[in-house]
Each structure stands twice: as C-alpha cells, then as structure tokens.
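These notes are about the structure you will find just below.
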Amino acid sequence: MIKKLFEWLLSPMGRVAVLIGALSVFSLAAYGIYTTQQPPEQPIAFRHDIHVNLGVQCLYCHPGALRGASPGLPTQNKCWGCHQQIAKTNTSPRLAVLKDYVQNNKPVQWVPVAQVPDFVHFKHRPHIAAGLNCETCHGDMSKVEIAENPQVMNMGWCLNCHRDRTADNVQNNPDNDPGVSALLHEKRTKLTDCGTCHY
Amino acid sequence: MTSNLELPVFTNNSEAELGGKWGMVVDRDLCTGCQACVAACSMENNVPFVGETDMAYGRGMHWIRVERLWEGLEADYQEVKMTSYQPLMCQQCHNAPCEPVCPVYAAVHSMSEDINLQVYNRCVGTRYCANNCPYQARVFNWRDYTDYRPGNTADNDPSWSVLQNHLNPDVTVRRRGVMEKCTFCIQRIHKAEDTAKSEGRDVRDGEVVPACAQACPANAITFGRIDDPESMVSKAAETSRGSLLLEEMRTQPRVTYLAGGA
Amino acid sequence: MSKQLSRRDFLKLATAGAATSAVLTGCGPASRYVKREPYMKMPEYTYNGLSTYYATTCRECAAACGLVVRTMQGRAIKVEGNAENPVNLGKTCARGQATLQGLYNPDRVENPTQQGRGKGAASQMDWDAAIQVVAEALKNNDPSEIAFLMGTAPDHLFDLVSDLANAIGAPAPVRFGALSMFESRATLSRAAEELFGQSAMPYFDIANSDLVLSFGANFLETWISPVSFTREYAQMRRGKPRKRGYFVQFESRMSQTAAKADEWVPLRPGTEGLVALAIGKLVAEAKDTAVPASFEAIDPAEVARTADVKLETLEHIAQLVVDSEHPLAVPGGTAVGQTNGLATAESVLALNAQFGNYGMTGGVYISPLGPNQDEYHRPASPEEMLNLIWKMKDGKVKVLFIHGVNPVFELPSHLGFLDTLQYVPQVISFATFPDETAVASDYIFPDHHGLESWGYQRAVVSSQPVLSGAQPVISPFFNTRATADVLIAAAQQAGGQFAEALPFADEVAFIQSKLSPLVGDPDGSFLAPEINMFSAYFQQHGGWWKNDPALSAPIASGALTKKLDPGVAEFSGEGEFFFVPFVSPTIGEAGANKPWLQELPDPTTTVTWNTWVEMNPETAHELGIDNDDIVEVMSEAGSVQAAVYLYPAIRPDVIAMPFGQGHTAYGQFAAGRGANPVNILSIHFNAAGDLAFAGVKVNVKKTGRKHELARMEGKVGVYEFRKE
C-alpha cells in the first residue's frame, strides 16, 4: 500500500500535491515564527519611546541591572510618583489604564519580552560592569513603541560575543603583550565555561 | 565570528591544572550524622523529595548522604561498632570517570572552576555517568518530582504548588530524565566571585561557604581554595588523618576525609 | 504488500515529520507563557533582584537557635543560622533547615475555622467573629474554670498568657511538649533541687571536658539544645591541642549519640543509677581516697552482674576517670525515663561531685535564667498533665485554649486526653497545622507560622542568658493572625479586668513592654538608650544576650553524703522485652508534616518515611522474624504494628521504636504513616512526676505481613522491591 502511495506521489498530480503540502507547511511555520516575533500584548500599552525621549534613564526604572542578576520592573509607586504630577494622566485614555491599576491597587502582570530559559542564569551586573550598554542587547528603546526583543537570545549569540571580546587578536591585544594574552585566555576560559551560566 | 566549537577536554591531566581550585575537607571524627547538611543542601539546591515508594526503589535524590558502616558484626552485640559517619557528595574529581562516558557532553569539566559540571539542558538521560561514578554521587530524576505528589495518582495537584514557594531562584529546577549531582554550590561560588570582582578584590578565604558546611553544627566541613596553601581548607587537609576516597583509582578527588577515632 | 518500507525511507519520513512538528510547535519562546508581577509598593531595604536577609528565631523546638532567613521578592527561600546568636553560632539542625516546608506547607490551616470537633463539616469564619468567640469565652466563664495549655515555644506568648491568667485570676498556663517529656526535664530540675537546693536546669560543660560519661543522654539528637551540644561535642573532640576528648555512652541500644562514643556500654535498662554509683566507688578506691557516704553501700561486682556488664569494663572506666583532668557525667534520656529516674539523675550528679567538677571547667553548672525572667519555669511533667486531665474530667474546665502543643498525639493515649476533651464545653485551638488536637477542637484560630511571627524565646541551656528575637520574614501567607493579637483584641472587647490585663495596642507593643527592663543594661550585647532603638537593634541582631557567661556553681555540700538508692527500675507488664521509645533524631516531635524531614534517612538505621521496630538479629532469628516483617508490639496498655529493622547494636532483650510518626491527622505527609509508640505506654511516674516511658515490658508477635522499609543503605538489588 505504501508502495502505491509512493508511485502516486511520483505522478504529476502527486508532485503538485507534495508541492502544495510543502508550501502550506512552510507558510504555517513562517506565520508561527512571525507571530512569536511580534511584541506581545501588555496589560498597559507602555511607550518606551516616549519615556526614553523625555530623558528617563534605563536604570531609573530598572536599577537592579546595576546591582545584581535581574534589572527588575518598576513598582506602581514609581510610575505614579511622576504621573500624579502630570496633567495628561487625568485626560489621556491610555493613561486611564494606569490610573485604574494604581487607584484600585491592582497588580500589573507584565509579559517579559527578553527572557532566557530557566536553566540559563544570566546576570545583568557583570555585563554592565564590562561596559556594555543596554541597547547592545535590547536595541534602541527610543525607537520602539511597545517593548520588543530585537535579538534572538540563544547560546550562539551569547558565545559569539564572549569569544569576540576575549579573542587574542589585534583588536583586544594590539601590542601582542604576553601578559594581556594570558589574561585574555583566563577570561576566555571563564566566559566559555558551561558552568558560568548553566547550574 | 564563525562557530568553531571547542570540544571539552575530558581527561584533565595537564601538569598546570593538577593543583585544583576548590576543595573540601570533611572531618569524620566530628560528623555526628545529624543530617543537617542533607537538609540544607536540599533546601539550597531545590533537590526534590521522592516519597516512600521511590525511596524504597533507591531513587532518592540526595546530593549529599551520610554513610554509616558497621564494624564487628560477626562478634557479640557488645563488640559491634559503628565506624565514623561519612558524608558523601560528588568528589569533583579532577580526572572524573563520569565525563568521558557522556555521549552529549552534559557531564563536562569546568575549566575555570575545576569542578565537574552537569549541564541539565544537554542531558538526555543515558545514565552512563552514574554507572561510571565509583562514589555513586549522581542521582537521576525518574519523574518530575518537583510537581509530583508521592502516593497520589494525580501528579499535578494545584494545592501542592504552595511548597514550591521556597525554591531557590539561583538554581535550575530539574525535569524528568535529567541526571544531577552536587555542584559545590557553584551558585554561591559565582556570587562570591561576582561580589569580589565588583569590589575590585580577590575572593577571601571563607567567603564561599556551601550550604552543607554552613549548616553543619559540628563544623565538620571546611571549604575553600586548595591552590592557596594558607587557606583554612589546605591547612585542614594537611594532617596525618587525611585521605582521599578510592585514591588508587587516580580520579584525583577534591574532597579530603579526615579519619575518625583516636 | 510486496515491497516493505525500507528502514532508510522510514527514517526520512520520521525526520521530516519531526522537523515539521518542531517548526510548528517549538517556535514560541517560553517567555510568552510567563507573567511578571512587580511590587505595588516595594518594602524598604529591598532591591530588585537582590535577596533581603532577616534575623529571627527558630520555632521547631524550644532551644531558641537564631536564624537568618534569605528572602527574595517576598518569599522565604533559605534558612541559615545566625552567626551572632550564642546558642547556635550560625549553625542549624535538619529540622531548622526544613522549617520552610512548614511555612509553605500545603496543609496549613488557612482561615479561622469552626471545626466542631471533627464531627460534620468544618466551616470558615472571619476574624471578627473569631475574636468575638474568644472574648465571650473569656468573659462568660468563671476565671478559675479557664485553662490555657501552651507549647514550650514561644516564650513571649507564654508570658502574655501568664500575665492574663494572673490578672483575671485564672490558673497559671500549663506548658507541655513531647520533647520535654522525653528529656525528663522535670526530673533533671528536681534532682538539681534535691542536691543543690535550687530548681534549675543543670548545665553540663561538655566542650571543656576531656572525658564524658553519658548515662542515656542523647545530646547529639534532640536533647534540650542539640545544635549547641553538637558544637560543644566537636570542641570536646578536636578543640584542644593534642588532647582528644574521650566519650563513653551507657545505653541499652546504640543511639545516634552512642554511635559517636568511643565506648558503648549496653547495660540492662534501669540500672544506670547503680552503675554510676559503682563507678564512683571504683574511682574512690582507685584513687585510694575515702569512699563517700553516697557510694559506700554499693558492691561494684554485684552491680556489674545486675547491669549485665563486665566488672572489668566498670574498672576500666573508673581508671579512665582517674587518668582524665576534667571528667563529666551526664544523665538523660532513657536512663532518667524510668521509675527510679530521679534517684538515677541524683546518682549521676553525685558522681560529678565525686569527680569534683561542680563549677569547674568541663563540669556541672546551673544554667542562668533568661534575661527577663525571675524564676525558672519548667514545662509540665506528665503527672501535672494528668492533674489537668482530671480537672477536665471533673468538669472544672469550661474553656480550654491550646497553642503550640499537640497533646492528643504527644501524650500516651492511655492518659486519655482525647476522651477527656468531651467534658470540656469549649475547646479553642490556635494551631498552625491541622494536628490531632486541633481537629478535635471546637474552633481553630490559626496562628502565623514561626517565620511570620513576632516574639522572643529564652535559651533553655546556654552559658549566657540569651533572649532570641523573632520577627516576620515574610508577610503572612494565609489568612492567619498572631495569637497574641487575637488575645489582646479579645481582652479589649471583653473589657473590664480583661482589658486592664492586656493594655497593649498589639503584640509588638507587648513585646516592647517585656524588653524595656533590658534597656540600658551595660552588660548587654548592644547598648540602646531607649526602647524604640533597642527594639530596632533587637530585630537587627536577632536578639539580646549578656556578654559574659552567667553560670553559677552548684552548692555541692550535700551531694556526697546523701544516701542514694536508685536500685533497679521497676517495669510494668508481663512482656519478654524491655521497650525503649526514643525521639526520632530527624523528625522530632513535630516534623512529620515536612516532606524533606520524612525523606532524611535516620542516622543509625537509614530508614525514611516510616516507623520501624529495632530488634537484635539473634532475637529475631529465634522468633523467626526477618527484616521488613510487620510485627505487633504488645504491652499491657495496647499494641502497635510496624516493620522490623534488624539492628545489630541493641541488647537482645530490648525492643526500640522511634517517636514522631503515627499521625492520624497533621496533613498529607504525616497522616496514616507509621505508628506511634507512646500509645502502648502504661502510666507510671517517677518521683519527680516524669513519665517512666522506658519502664514498660512488651511482647512481640509476627503478623505475617511485610512492609519494605525505604532505607538509604544498600539492599540486595534494589529492583527486588515488591509492593505489599
């Protein structure tokens, strides 16, 4: 029976059917990937671009990045600290949502956009200490309306950067200094070690 | 940069690395077998409990266990002795038998910390490493124990998730089909290294304390840098009472046991 | 079908199928299924993503160990010892570690409940109605007919209830705990009173001794303050340069403590007092000094025969005493839990007098009182509990308040506490967990878990007076309320003398009133000029303690002249075997509802999750009993069933069982598991009113059924395990 099926598939009709099948599978897959790359719906349509363009620093709302693993999300107190002094809070329909959350003491359930699986222990502090800027990984938030993730955050992406920054090449060690070279090697061992992120 | 994946080296016999990095000393004369280390380890590392039936099958998930052995069993009951308790955890061998047998490089050596790693997301559950471990220090997740309720057919009872509130966010919760073992509390090592780096200094002796050593009421466990001859752990390991378990197998374990008795 | 699908084709198809399904289902990142809820108002001192640590006090037993609890985003995630607290110096026991599984226990009482004594359905109430119930119970009853039954922890609540009872003219609250029953605290303090003229807990300086003779004292397991005693043990062994302390244990079975001894002397139960006196006499003879009056009448050879030990062993131990600088003898456990327990404890204290170690390094002292305490309050002895039970039976208790203790489980069922509850019109429980007593109450008004509570606890045995402070490390997880707050609110509502008795805004105000006498004490661990600053430091350091040891030396005058006659203990019942119940070192009195404590292997047998019966292999062989056979252990008071563990280090005429399991309630991890050995104890008290729990003889009968005990130690082929 399976042999018959194969013979039919080799006939012109069969080939068309295979083509259609393959196309539909492919387009479904493409659609699936497309949807996952869209910013998710958030409880409050928070505009990163407006806040960043007004001059609010990233670390004002996400100060944990400077101290530890997680940058954290701002408390409602922090939102309200500014917004209660802004006249627009009472008029804008978008901000009415925030007002509702704060005044009725409802917790906001944000949907994270940049997230690694739970077997990866990513820490923000060492990356900031190494001189990285927020936008290196999270993109330029002054151009983004609702937060989205510009990056596919997988291990290859992490390791490429770790390798680049510790490679013993002209860029990292222009004078070919053996001391710097040893230091780079040590860093490289640490930054490509499985146990640095997985435990 | 193109990916030229460097495969881990699984026999670590280069001269330069023989000194090791982290090590532990366990004084069997002081250990009272009280199980505080076992409880502390389980609480710190999200080690699940498995229930009576699976314990009877030998599926307990203890990362550290206190072994007790008899002496003089053939004699009269008055002559029977219990040899000193022996807390046994992964010995973090420099030349680890678990590493070369893993087909997916889930059991790999950490080149920077010189300990054995178990990369949970790589592990496919062949259990070769556990079979090859002479210390029987590795345990396997036969079920999703963190969600599993012993003695209940319903594997996911929502009321039971209350217990999960004390899970440590610094340690991965392992799923079914994954091998695991003692990590020397690597999350605490990283934390201390990170703090030291942010303060621009080296990690101080005694700054990294694994959960077992922290809890031990008898102070029987010492932890620290064995490549520093001045550290507490190096000094504790120096006495004539010290020995390594199964030293003749040349696994080069990082845990020194001090003999009990006089 | 003429042509089979080739393996290669099959693999191709399978790969294509797998790839398709992976593409279709595996694209969505896990993050899409996660929601994050930030604080609405962030607590002070909290940083995003960083842990906050709070100092508090462990409430798993009454030892008052200091804890530092790691919390993150409002959840308690790890318990660590408080390195500052002199009781435990940063260490914890297994029960302390597992206290989080009590805090986040799925079986906690979540709301105030009208329990109705377990008959019919329980119904939830709100707290206003609950306080109304308590207020009316206080107001509408004659104060002399109100009874308070408290646990051994926490002390601040005991102080509050004592003040309340005192002010309204109710009887003083009764305190009880199974651990204090198995520790025979009443006997120890009574022995101190008889010999030193001072009722207090004797303190044994194990750390500085170089020879410890322990008469049944299981100080490495659950005895009084196991964490501090384990530390002292370690110091005794390895704390002194070149000289390793020596340790001898006299006990009929090898307990976890005996396993650490250099010599284990398995004597016949009930002869410990005689052996102590015999050693005293042998020491005097070996030293060539006059034999003190207390030991004169003893014949060591006869004692050795009675106790079933070799005379040479006793002579050898006497020689060890002569050769050591700081010998110390410690009475406790099964040696004191006998009909002659008081005389045994006195004999062992007299032996210390013979060693000349009263008030000396490595010797016997009297424990200091707690910092805000005037006199020593010991927990009630089982005989005093029986008095309460009789009072209940006579209808002289109209309302019974119970907090922090589970007498239905902990007291021998032969005492009849459960049956007597029917004579009490109203029983109000403040239990955190639905234990046997709470289930049999009219109301459960759940208290917070210890980690959610304010409070303080005095260290029972310590060289320094210590007041360990407790503060909440997380906000209450369920709809529970502090019992102190409930009582204060109810007293205010009842008005009159009740409101005058507790004129406090809340629990914290009451605690501050009890702390205020300590403000300005120059010898304290910190100095604060006024109470608010004192309270803040008290929370920050996890308590307050005196800097200097406040041990006092006992007055030894009468100890060596008093006529002591411990004799051999009397045993009740016609059985063939001595029965030795002991507190499970890992589970303790109330650990059975914490799954990780259940999963911890017993240190000596490695059994988990169940009760076992320890039996010498030779005895078992004669009776045709094998490992894992379920046997019935029968005494004159009743019988229990459990599986046998063949234990090589136990006398052939002794049967032992751990206490801690055999719950009928207390949540899913505890209920219906194992057996409770106190239920076969018949009621005999020693001269100090403590229960002779090791004074029962039993018979053993095979039931023909088997239960494979889940042990940690190797069995021949784990796959041979069969289900019953």
Inside the stretch A:61-91, can you point out the residues that are more than 8 Å from every other protein chain (Cβ to nearest Cβ), in contact with a helix residue (DSSP H, G or I) (Cβ under 9 Å, 6 or more places away or on another chain) and among the small types (Gly, Ala, Ser)? A:Ala65
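Matching residues to (1) crowded, with 17+ Cβ neighbours inside 10 Å; (2) away from chain A (no Cβ under 12 Å); (3) not in a loop (DSSP other than H, G, I, E, B):
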position: B:Cys90; (1), (2), (3): yes, yes, no
position: B:Cys98; (1), (2), (3): yes, yes, no
position: B:Met111; (1), (2), (3): yes, no, no
position: B:Leu117; (1), (2), (3): yes, no, yes
position: B:Gly125; (1), (2), (3): no, yes, no
position: B:Ala130; (1), (2), (3): yes, yes, yes
position: B:Gln136; (1), (2), (3): no, yes, no
position: B:Tyr145; (1), (2), (3): yes, yes, no
Within the stretch C:56-159, considering only strands (runs of 3 or more DSSP E) that don't extend past its boundaries, which have at least 3 residues that are surrounded by fewer than 21 Cβ atoms within 10 Å (Cβ to Cβ)? C:66-72
If a residue has to be touching a residue at least 60 places away in the same chain (Cβ under 8 Å), under 14 Å from the mean Cα position of the chain (by Cα) and open to solvent by 50 Å² or more (accessible area, probe 1.4 Å) to count, how many in the stretch A:109-149 make the cut? 2
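Tell me which residues, restricted to the stretch A:80-100, are open to solvent by less than 40 Å² (accessible area, probe 1.4 Å) and part of a helix (DSSP H, G or I). Give the derivation first.
Narrowing the stretch A:80-100 to residues open to solvent by less than 40 Å² (accessible area, probe 1.4 Å): A:81, A:83, A:89, A:92, A:95, A:98.
Those that are open to solvent by less than 40 Å² (accessible area, probe 1.4 Å) and part of a helix (DSSP H, G or I): A:Gly81, A:His83, A:Thr89, A:Leu95, A:Leu98.
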With respect to the numbered conditions (1) within 8 Å of another protein chain (Cβ to nearest Cβ); (2) under 22 Å from the mean Cα position of the chain (by Cα); (3) in contact (Cβ under 8 Å) with a residue 24 or more places away in the chain; (4) open to solvent by 10 Å² or more (accessible area, probe 1.4 Å), which one is the sole condition not fulfilled by B:Tyr85? (4)
Just checking, how many residues over the stretch C:615-645 are open to solvent by 40 Å² or more (accessible area, probe 1.4 Å) and in a strand (DSSP E or B)? 3
Close pairs (6 angstrom Cβ cut-off, 6 or more residues apart or separate chains): within 11 Å of chain B (Cβ to nearest Cβ) in the stretch C:701-724, open to solvent by 50 Å² or more (accessible area, probe 1.4 Å) and at pLDDT below 90 anywhere: C:His707/C:Glu724; C:Val718/B:Tyr57; C:Val718/B:Gly58; C:Phe721/B:Tyr57
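Every residue, every condition in (1) of a type in the set (A, V, I, L, M); (2) crowded, with 20+ Cβ neighbours inside 10 Å, yes or no:
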{"position": "C:Leu351", "(1), (2)": "yes, yes"}
{"position": "C:Leu411", "(1), (2)": "yes, yes"}
{"position": "C:His414", "(1), (2)": "no, no"}
{"position": "C:Ile428", "(1), (2)": "yes, yes"}
{"position": "C:Asp435", "(1), (2)": "no, yes"}
Is it true that some residue in the stretch C:539-554 is more than 13 Å from every other protein chain (Cβ to nearest Cβ), among the acidic types (Asp, Glu), under 30 Å from C:Cys65 (Cβ atoms) and in contact (Cβ under 8 Å) with a residue 24 or more places away in the chain? yes
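Pull up the stretch B:229-262, narrow it to residues that are assigned to a loop (DSSP other than H, G, I, E, B) and in contact with a helix residue (DSSP H, G or I) (Cβ under 9 Å, 6 or more places away or on another chain), then point me to the one that is farthest from the other protein chains (Cβ to nearest Cβ).
Quick first cut of the stretch B:229-262, residues assigned to a loop (DSSP other than H, G, I, E, B) only: B:229-231, B:238-241, B:245-246, B:250-254, B:259-262.
Add one more test, that the residue is in contact with a helix residue (DSSP H, G or I) (Cβ under 9 Å, 6 or more places away or on another chain), and what stays is B:229, B:253.
Working: B:Pro229: 21, B:Pro253: 18 Å.
For the stretch B:229-262, the residue satisfying everything is B:Pro229.
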Options C:Asp690, C:Asp653, C:Asp628: the member that is away from chain B (no Cβ under 14 Å), of a type outside the set (A, V, I, L, M) and touching a residue at least 12 places away in the same chain (Cβ under 8 Å): C:Asp690
Among the residues of the stretch C:501-540 satisfying the criterion of being charged (D, E, K, R) and closer than 21 Å to C:Thr56 by Cβ, which is surrounded by the fewest Cβ atoms within 10 Å (Cβ to Cβ)? C:Asp506
Filter result for A:Lys106 (over 21 Å from the mean Cα position of the chain (by Cα), open to solvent by 70 Å² or more (accessible area, probe 1.4 Å) and within 14 Å of chain C (Cβ to nearest Cβ)): yes
Six or more apart or on different chains, Cβ atoms under 9 Å: show the pairs whose first residue is in the stretch A:2-21 and open to solvent by 80 Å² or more (accessible area, probe 1.4 Å) and whose second is part of a helix (DSSP H, G or I). A:Leu5/A:Gly14; A:Phe6/A:Gly14; A:Phe6/C:Asp9; A:Glu7/A:Gly14; A:Trp8/A:Gly14; A:Trp8/A:Ala17; A:Arg15/A:Leu9
Which of the numbered conditions does B:Leu246 fail, given that it passes all the others? Conditions: (1) within 22 Å of B:Leu69 (Cα to Cα); (2) without any contact (Cβ under 8 Å) to a residue 24 or more places away in the chain. (2)
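The values are calculated or read from the model by the stated rules, or taken from the named source; none is laboratory data. Predicted model only: the values in this text are computed from it and were never measured. Cβ atoms come from the backbone with ideal geometry, glycine included; neighbour counts cover every protein chain shown. Heads up: the accessible areas ignore ligands, DNA and RNA and are worked out on the full protein's heavy atoms, side chains in. Shrake-Rupley method; radii C 1.70, N 1.55, O 1.52, S 1.80 Å.
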